[in-house]
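Worksheet: the structure to be examined is printed underneath.
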Amino acid sequence: MSLETISSWSRLSTGIAATLRIATEQADEELARRAVAMRDRMQVGENCAHVVFCGLFSAGKSSLLNELCGTQLATGAIPTTAIVTQLELPATDGRVVLLDTPGIDSTNAAHQKATQTALWLADGVVLVADYAHVESEGTLQFAHDLSAQGQPFVFVVHQMDKHYEVELPFESFRMRLEQTLSDWDIHCEKIFYTATPAHIAAPVLGAQRNDLPQLYQWLNGLAAQAQLLTAASLQRNLSAALRDFVQRQFAVAIEATELTLLETLGFVPFSPAEATSLLANFQQQQQDLADQMAARQTALNIAMDELRQEFVRKVELAQIAPYGTTERGRQYIESLRPGFRVSRLASRAKTEQGVTHRRDEFVTDLCNRVHQYLTLPVGNDLRAWLREAVPEDGEIAELSKYVDALGVPLDGPMVARVVNEGALLSASYPYQFVKDVVAQVKGRVQAQLDLFWDAVWQGRRQAVAQASLPLQQQSQRLDRESAALRGWLNVHQELEQALAELEGGLVDE
Ligand SMILES: Nc1nc2c(ncn2[C@@H]2O[C@H](COP(=O)(O)OP(=O)(O)OP(=O)(O)O)[C@@H](O)[C@H]2O)c(=O)[nH]1
Ligand SMILES: [Mg+2]
């Protein structure tokens with residue numbers, strides 16, 4: 001059950017008594033003071049609305065009250081009111097009580113405390129500002145805080161005799177003031193423009209505006225709502241007292257998370273809702289950064305893959321064994337067949353020489369073709385690519401080593417190892433043999449190219465990583481900021497939970 005449901009007077013009484021017990025147990029002086037003030041207020045009864053007049057010193061609070069109540073409170077140009085005085089609004093049967101308070105800008109601790117206590121129990125607030133200082137920061141901040149606390153109040157611009165219509169038309173003044181209040185997120189029920197009659201000097205330069213009768217009427221109208229107002233303000237005050245109490249308990253934890261936020265983010269969010277939306281925004285930003293980094297990496301991989309494939313095809317298409325070369329390969333294989341003789345009468349040694357000769361002829365021819373149609377053009381293309389694509393001379397030099405090393409050391413024994421003795425007699429084998437040799441040669445060149453591209457890829461990857469460093473740093477910064485926001489949000493969630501438990505406990509008692 002939430003606190004809002006404590007609507008009846010008796011339940012409020014139970015809640016306040018329980019709060020007082022908690023305050024005593026926890027030795028929380030402020031909560032105790034508030035609970036006592038609420039209890040005392042309840043004893044006064046629910047049929048009387050308490051309206052607190054407050055504002056900067058010398059705004060004219062006491063003068064205004066004297067006009068409304070026909071009293072003789074002390075007034076003066078220096079800070080005058082030091083204690084809270086209660087006055088009955090005439091013709092309300094004591095159902096509307098007005099409280100005069102010391103200036104809210106008083107530096108005296110006792111004055112501050114007195115005003116604060118009166119405000120805790122206010123069923124309504126009249127915030128009085130001197131015409132000449134109507135937009136002073138002290139007044140606006142105070143009004144902003146009242147609004148934020150949900151405290152109903154009216155704004156009185158007093159000393160209107162200082163207004164000169166010829167200098168500034170009243171309408172312009174009114175519109176400017178309303179705009180200022182709206183800029184400060186201040187929501188008051190009404191604005192009254194008043195002056196103490198004694199100060200209205202005649203003749204005046206402009207139209208005089210004096211809402212004193214309207215202010216009286218508004219205050220008088222509170223009499224009928226006194227019961228409602230009192231219950232609502234006590235309930236609001238009890239909620240606020242409990243919230244402030246829990247906030248004091250969480251103060252150290254909150255301060256620590258705020259400090260972290262100031263160090264990382266540079267500011268503290270206005271509300272948990274703002275923190276949550278910031279977090280969602282940061283998450284989106286991080287996702288975007290991750291996407292950007294991944295896209296760069298993918299683009300690189302695709303580009304590298306295309307290059308590799310382009311050169312794989314160049315090697316595949318290189319004509320290193322045209323008809324003449326294949327013929328020499330065939331002749332070599334035929335010379336290996338059993339019973340082969342270079343000529344009918346040739347000696348064994350002569351035949352062996354013939355075999356070696358055919359093999360060497362094939363190897364020499366193949367070597368030339370590999371150089372001319374494979375390693376030379378492919379190497380040239382690679383060098384051209386390096387010059388075009390790699391910006392750094394040092395890296396070009398490093399990678400050129402792979403290109404310089406491009407080549408297959410073909411010799412007789414190597415070719416001989418390719419021969420498949422078992423297939424020698426097959427009519428098609430000589431062609432298969434040449435194909436096997438070509439495949440081996442191209443396979444080796446492809447392997448060398450692989451090494452080259454691996455080295456290129458490594459360099460490119462480092463370059464991409466280097467270029468992504470600012471993105472990475474941005475992402476790490478977002479990480480830290482998100483963690484700080486989460487820490488702050490967690491403490492606030494814990495606080496809300498503790499408050500809900502406390503309120504729940506009060507109702508259950
Ligand atoms: N010009 C002008 N002066 C006023 C008006 N009302 C009050 N004053 C003067 O303003 C000064 C301050 O008035 P107070 O009523 O003492 O003001 P206060 O807000 O009660 O001041 P503190 O009790 O010191 O906080 C006094 O000198 C009043 O005579 C008014 O309508 N016009
Ligand atoms: Mg006063």
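The values are calculated or read from the model by the stated rules, or taken from the named source; none is laboratory data. It should be emphasised that the depicted structure is a prediction, and the values quoted were computed from it without experimental measurement. We place every Cβ from the backbone using ideal geometry, glycine too, and count neighbours over all the protein chains shown. Ligands, DNA and RNA are stripped out before the accessible areas are found, and what is left, the full protein with its side chains, is counted by its heavy atoms. Shrake-Rupley method; radii C 1.70, N 1.55, O 1.52, S 1.80 Å.
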- Task: Looking only at the stretch 149-175, count how many residues are closer than 20 Å to His199 by Cα and touching a residue at least 40 places away in the same chain (Cβ under 8 Å).
- Result: 9
- Only one of Arg328, Arg308 is open to solvent by 60 Å² or more (accessible area, probe 1.4 Å) and touching a residue at least 12 places away in the same chain (Cβ under 8 Å); which? Arg328
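Of all residues in the stretch 17-69, count the ones that are assigned to a helix (DSSP H, G or I) and away from ligand 2 (no atom under 16 Å from the Cβ).
So the count comes out to 25.
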- Residue list for the stretch 70-103, filter: more than 13 Å from ligand 2 (Cβ to nearest atom) and either part of a loop (DSSP other than H, G, I, E, B) or open to solvent by less than 60 Å² (accessible area, probe 1.4 Å) (or both): Gly70, Leu89, Pro90, Ala91, Thr92, Asp93, Gly94, Arg95, Val96, Val97
- Message: Name the residue that is nearest to Ala427 (Cα to Cα), counting only residues in the stretch 328-346 that are assigned to a loop (DSSP other than H, G, I, E, B) and touching a helix residue (DSSP H, G or I) at 6+ places or on another chain (Cβ under 9 Å).
- Response: Phe340
- Can you name the condition, by its number, that Tyr402 falls short on among (1) more than 30 Å from Ala463 (Cβ to Cβ); (2) open to solvent by 40 Å² or more (accessible area, probe 1.4 Å); (3) among the aromatic types (Phe, Trp, Tyr)? (1)
- Query: Within the stretch 104-145, can you find the residues that are of a type in the set (D, E, K, R) and either within 14 Å of ligand 2 (Cβ to nearest atom) or touching a residue at least 40 places away in the same chain (Cβ under 8 Å) (or both)?
  - Reply: Asp105, Asp123, Asp130, Glu135
- Query: Which of the residues belonging to the stretch 47-61 are more than 15 Å from Tyr216 (Cα to Cα) and either within 10 Å of ligand 1 (Cβ to nearest atom) or open to solvent by less than 50 Å² (accessible area, probe 1.4 Å) (or both)?
  - Reply: Cys48, Cys54, Gly55, Leu56, Phe57, Ser58, Ala59, Gly60
- Query: Quick check, is Thr351 of a type in the set (Ser, Thr, Tyr) and out of contact with any Lys or Arg (no Cβ under 8 Å at 6 or more places or on another chain)?
  - Reply: no
- Item | Which numbered condition Gly124 misses (of (1) within 11 Å of ligand 1 (Cβ to nearest atom); (2) within 40 Å of the chain's Cα centre (by Cα); (3) small (Gly, Ala, Ser)) | (1)
- Message: I'd like to verify a number: residues in the stretch 241-255 that are open to solvent by less than 40 Å² (accessible area, probe 1.4 Å) and in a helix (DSSP H, G or I), how many?
- Response: 5
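Working carefully through the options Glu88, Glu167, find the one that is at pLDDT below 95, more than 15 Å from ligand 1 (Cβ to nearest atom) and acidic (Asp, Glu). Full working, then the answer.
On the way: Glu88 fails: at pLDDT below 95.
None of the other options fit; the residue is Glu167.
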- Message: What's the total number of residues in the stretch 221-250 that are hydroxyl-bearing (Ser, Thr, Tyr) and within 17 Å of Phe153 (Cβ to Cβ)?
- Response: 2
- Query: Could we say that Ala427 is free of Cβ contacts under 8 Å to residues at least 12 places away in the same chain and open to solvent by 20 Å² or more (accessible area, probe 1.4 Å) here?
  - Reply: yes
- Item | Residues satisfying the stated conditions in the stretch 356-397, i.e. open to solvent by 50 Å² or more (accessible area, probe 1.4 Å) and touching a residue at least 60 places away in the same chain (Cβ under 8 Å) | Asp381
- Message: I need the full set of residues from the stretch 402-430 which are under 60 Å from the mean Cα position of the chain (by Cα) and in a loop (DSSP other than H, G, I, E, B), in order please.
- Response: Ala405, Leu406, Gly407, Val408
